[in-house]
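To start, the structure itself, in structure tokens.
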Amino acid sequence: MLATPKGLRLHIGVYGRRNVGKSSLVNLLIGQEVSIVSDVAGTTTDPVEKAMELLPIGPVLFVDTAGIDDVGDLGEMRVEKTLKALDHTDLGIIVTDGPIGDDEIKLMDALADRETPYCVVFTKADLGAPPAEALAVVKARDIPFASISTATKADAVRVREVILEAAPESSFEVPHLLADLVPAGGHVVLVVPIDLSAPKGRLILPQVMAIRDILDADASCTVVKERELAATLKSLSKKPDLVVCDSQIVLKAAADTPDDVPLTTFSILMARFKGDLVRLAEGAARIDQLKPGDRVLIAEACTHHSMADDIGRVKIPRWFRQYAGGDIEFETMAGRVFPEDLSPYALVVQCGACTVNRKQALLRIRQAERQGVPITNYGVAISRVQGVLHRSLGPFPSARIAFERANAAPQIA
Ligand SMILES: Nc1nc2c(ncn2[C@@H]2O[C@H](COP(=O)(O)OP(=O)(O)O)[C@@H](O)[C@H]2O)c(=O)[nH]1
Ligand SMILES: [Mg+2]
């Protein structure tokens with residue numbers, strides 16, 4: 001990822017007066033000391049750039065600037081450089097240790113003039129809450145904001161969240177559905193059950209998207225029902241690069257596909273495309289730890305037709321109860337409703353999120369992460385309860401490792 005050219009990275013400019021904690025904030029986000037932090041005002045002179053992968057946005061470049069309130073000849077030069085950096089900024093973070101004064105308003109106006117989205121981060125929360133007048137200005141302008149302490153590692157999550165809130169949908173990296181998993185000239189086998197829940201006379205969106213992505217990758221595909229999979233694999237002159245199946249028949253597809261052929265499900269592809277597969281895989285490890293009396297939130301994005309309903313309302317509850325060896329309380333929420341407070345739940349299970357856009361899906365995942373509540377989704381959960389998640393995450397090493405780690409972690413009391 002670090003090989004991404006600078007021009008393709010989202011430039012996140014960090015602005016504010018001297019000594020408010022800009023460099024500390026950048027260091028907190030990237031988790032290592034790149035900017036010199038000191039209590040001598042004006043330590044950062046030239047903008048300091050640091051590239052990182054800020055999921056789920058993708059590759060970003062943090063630009064840590066000198067103070068906007070710098071003084072003297074040298075200071076003026078620094079301010080000029082800082083203002084110049086505004087022109088290259090895709091997203092601004094205005095940092096303040098409390099006040100929203102002339103300097104902050106100047107930055108807000110400069111960013112607004114350039115139609116650059118921005119957020120405000122109040123630092124030094126450990127020394128006191130932001131003043132009411134400052135909060136009033138930020139709220140009146142409807143600016144996403146966070147109040148944090150840069151000394152607190154956990155606050156990095158809150159900062160990432162406020163960056164996501166401010167970021168326009170177009171800045172989110174749109175991952176491939178599967179084109180990155182198949183070489184040009186490669187071959188994919190798609191396994192599509194045609195049962196009662198299949199719509200008449202057509203394929204469903206993830207299947208159509210997969211075919212389109214395979215064409216974009218200059219690869220080819222074979223589409224079969226699960227009954228024909230074994231015979232089709234035998235008839236191919238070369239092993240396929242990937243098999244993708246419907247979650248509901250993943251057990252059979254895994255049994256019919258040789259171990260050295262990568263296999264995944266349409267739901268897992270969609271989970272990566274729409275959300276954060278690493279977090280969802282981590283959350284799936286929590287299913288084994290459910291115990292009688294736990295509450296699970298099933299969050300459906302749409303009001304499903306009855307066939308798909310079956311997964312969230314019947315199948316998942318049944319499987320989870322089997323795992324927990326007792327009764328689990330399920331709460332189902334449909335549509336745009338998503339509770340502010342997730343703390344009553346041992347686990348959140350999202351549906352495929354076909355009607356939620358990527359940004360919304362990711363914000364829900366971040367919210368759960370911030371509140372320390374595991375979150376997974378239908379597709380990942382189905383592979384888990386069928387005992388084949390390890391296999392279906394095979395093509396996604398970071399998600400598989402996250403799942404294994406969470407699975408090996410001590411049980412939550
Ligand atoms: N108490 C407290 N001090 C902070 C916090 N963030 C930064 N500082 C301190 O504020 C001073 C200036 O920080 P720095 O990051 O260099 O500010 P910059 O000039 O805006 O880049 C340093 O002494 C930091 O340790 C915070 O959240 N709480
Ligand atoms: Mg600095």
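The values are calculated or read from the model by the stated rules, or taken from the named source; none is laboratory data. What you are looking at is a predicted structure, and each value in this text was computed from that prediction instead of being measured. Reconstructed Cβ throughout: ideal geometry from the backbone, glycine too, with neighbour counts over all protein chains shown. These area figures cover heavy atoms from the full protein model, side chains too; ligands, DNA and RNA do not enter into them. Shrake-Rupley method; radii C 1.70, N 1.55, O 1.52, S 1.80 Å.
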Open item on the list: Condition first: of a type in the set (S, T, N, Q) and at pLDDT 95 or above. Now tell me which residues in region 123-179 satisfy that.
Closed with: THR123, SER147, SER149
Task: Every residue from region 318-335 that is within 13 Å of GLU300 (Cβ to Cβ) and not charged (D, E, K, R) - done: PHE330, THR332, MET333, ALA334, GLY335
TODO: Tell me which of these ILE311 doesn't satisfy, since it passes every other one: (1) part of a loop (DSSP other than H, G, I, E, B); (2) in contact (Cβ under 8 Å) with a residue 24 or more places away in the chain.
DONE: (1)
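Does GLU76 satisfy the condition of being at pLDDT below 85, closer than 16 Å to ARG160 by Cα and more than 12 Å from ligand 2 (Cβ to nearest atom)?
no
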Task: Among the candidates ASP126, ASP155, residue that is open to solvent by 20 Å² or more (accessible area, probe 1.4 Å), of a type in the set (D, E, K, R) and free of Cβ contacts under 8 Å to residues at least 60 places away in the same chain - done: ASP126
TODO: Run PRO240 past the list (1) over 26 Å from ALA406 (Cα atoms); (2) touching a residue at least 40 places away in the same chain (Cβ under 8 Å); (3) open to solvent by 20 Å² or more (accessible area, probe 1.4 Å) and report the number of the one that doesn't hold.
DONE: (3)
TODO: Return yes or no: is ALA166 within 19 Å of the chain's Cα centre (by Cα), farther than 30 Å from ARG212 by Cα and either assigned by TED's automatic domain parsing to the domain that holds THR264 or surrounded by fewer than 17 Cβ atoms within 10 Å (Cβ to Cβ) (or both)?
DONE: no
Open item on the list: Filter region 133-177 down to the residues that are within 29 Å of ILE268 (Cβ to Cβ) and touching a Gly at 6+ places or on another chain (Cβ under 6 Å) and list them by number.
Closed with: GLU173
Task: Counted residues, region 214-235 - those being modelled with pLDDT under 95 and surrounded by 20 or more Cβ atoms within 10 Å (Cβ to Cβ) - done: 1
Open item on the list: Suppose the filter is modelled with pLDDT of 85 or more and more than 22 Å from ILE148 (Cα to Cα); does LYS81 pass it?
Closed with: no
Open item on the list: What's the total number of residues in region 41-60 that are open to solvent by 10 Å² or more (accessible area, probe 1.4 Å) and more than 11 Å from ligand 1 (Cβ to nearest atom)?
Closed with: 9
Open item on the list: Only one of ASP97, ASP70, ASP113 is open to solvent by 40 Å² or more (accessible area, probe 1.4 Å) and at pLDDT below 95. Can you tell me which?
Closed with: ASP113
Open item on the list: I'm checking my understanding of the structure. Among residues of region 14-49 that are under 21 Å from the mean Cα position of the chain (by Cα) and either modelled with pLDDT under 65 or more than 10 Å from ligand 2 (Cβ to nearest atom) (or both), which one is farthest from LYS106 (Cα to Cα)?
Closed with: GLY31
